[in-house]
1. Going by the conditions given, is Thr64 crowded, with 21+ Cβ neighbours inside 10 Å, in a helix (DSSP H, G or I) and of a type in the set (Val, Ile, Thr)?
2. Taking Phe13 as meeting all but one of (1) more than 26 Å from Thr116 (Cβ to Cβ); (2) of a type in the set (Phe, Trp, Tyr); (3) away from the ligand (no atom under 16 Å from the Cβ), write down the number of the exception.
3. Tally time: how many residues in the stretch 42-80 are out of contact with any Asp or Glu (no Cβ under 7 Å at 6 or more places or on another chain) and closer than 16 Å to Gly105 by Cα?
4. If I ask for residues that are assigned to a helix (DSSP H, G or I) and not charged (D, E, K, R), which ones from the stretch 156-174 would you list?
5. So in the stretch 111-151, with the set limited to residues that are under 19 Å from Asn197 (Cα atoms) and polar (S, T, N, Q), which one is nearest to the ligand (Cβ to nearest atom)?
6. If Leu171 passes every condition in (1) in contact (Cβ under 8 Å) with a residue 40 or more places away in the chain; (2) surrounded by fewer than 16 Cβ atoms within 10 Å (Cβ to Cβ); (3) among the aliphatic types (A, V, I, L, M) but one, which one does it miss?
7. Looking only at residues that are within 15 Å of the ligand (Cβ to nearest atom) and in a helix (DSSP H, G or I) in the stretch 19-37, which one is surrounded by the fewest Cβ atoms within 10 Å (Cβ to Cβ)?
8. What tally of residues in the stretch 187-209 results from selecting those that are buried (at least 21 other Cβ atoms within 10 Å of the Cβ) and not hydrophobic (A, V, I, L, M, F, W, C)?
Amino acid sequence: MTGELSPIDKAKFVAAKRSVDYVEDGMRVGLGTGSTAAWMVRCLGEMVRNDGLRIKGVPTSTRTAELAREVGIEVISLDEAKWLDVTIDGADEFDGNLNLIKGGGGALLQEKIVATASDQMIVIADVGKEVESLGSFPLPVEVIPFGWQTTKSLVEELLISMDVLGRDTTLRMNGERPFITDEGNYIIDLHLGRIGNPHQLSMAMNQMPGVVENGLFLDICDVVILGFGDGRVETR
Ligand code: 5RP
């Protein structure tokens, strides 16, 4: 499954491989999105095909749904599952309180809904994702396309009123066109540098009409499994 891996891919793979220890027969499992989560989906698929593991997977994006089916995992919707035993997903950044920035792959909305509906959320990450404080990675904010420029201006005003360091905001593009999420929305990336009070920022942002959700995952993650390029794994 792995062949010759670069150190970063090895770090992602070993974290993903360790995370499937949390999955037991009969569980309903939230399947994250991104390159690290894709390794985890492949590992689970191998356990389904070779060891007879019986799980039901709830994917967090069309990409993950396709991969899960391809590797032999039974895919159901969140409404069919109602509640999940565990969700395993990647992250763009995590801090010492296990708060996260997610959404680099554009799937933050489904990812947050699925993680919140799970008894446990396990994050798998390469060592480069660990930070002192959140904000170096641009914070994704999913917005309704209608009036997105007005919403963007309101977000910028909020950043000024909250004295946030960086205030540059950009519409995420896919070539010449706006990037469109699985829900048909746009993403505005906030280049903040450092987020002093993530709880306050998240709450204020989600109160704005036009904002659907933001990429701060606060008090949701239970464990981070951190992979290193030399194959070591640590748990936070
Ligand atoms: C997608 C995400 C991903 O989990 C995050 O971007 C990490 O991706 P990768 O594992 O490829 O580094 O939040 O919306």
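The values are calculated or read from the model by the stated rules, or taken from the named source; none is laboratory data. Please read all numbers here as calculations on a predicted model, not as lab measurements. Backbone-built Cβ (ideal geometry, glycine too); neighbour counts: all protein chains shown.
1. When the stated conditions are applied, Thr64 passes them.
2. Looking at each condition in turn, Phe13 falls short on (3).
3. Going through the stretch 42-80 one residue at a time, the tally reaches 6.
4. Quick first cut of the stretch 156-174, residues assigned to a helix (DSSP H, G or I) only: 156-161.
Listed by number, the residues that qualify are Leu158, Leu159, Ile160, Ser161.
5. It comes out as Ser136.
6. For Leu171, the failing item is (1).
7. Initially, the stretch 19-37 is screened for residues within 15 Å of the ligand (Cβ to nearest atom), giving 19, 30-37.
Narrowing further to those that are in a helix (DSSP H, G or I): 19, 35-37.
Numbers: Ser19: 27, Ser35: 15, Thr36: 27, Ala37: 31.
The selected residue is Ser35.
8. Residues in the stretch 187-209 being buried (at least 21 other Cβ atoms within 10 Å of the Cβ) and not hydrophobic (A, V, I, L, M, F, W, C): 1 in total.
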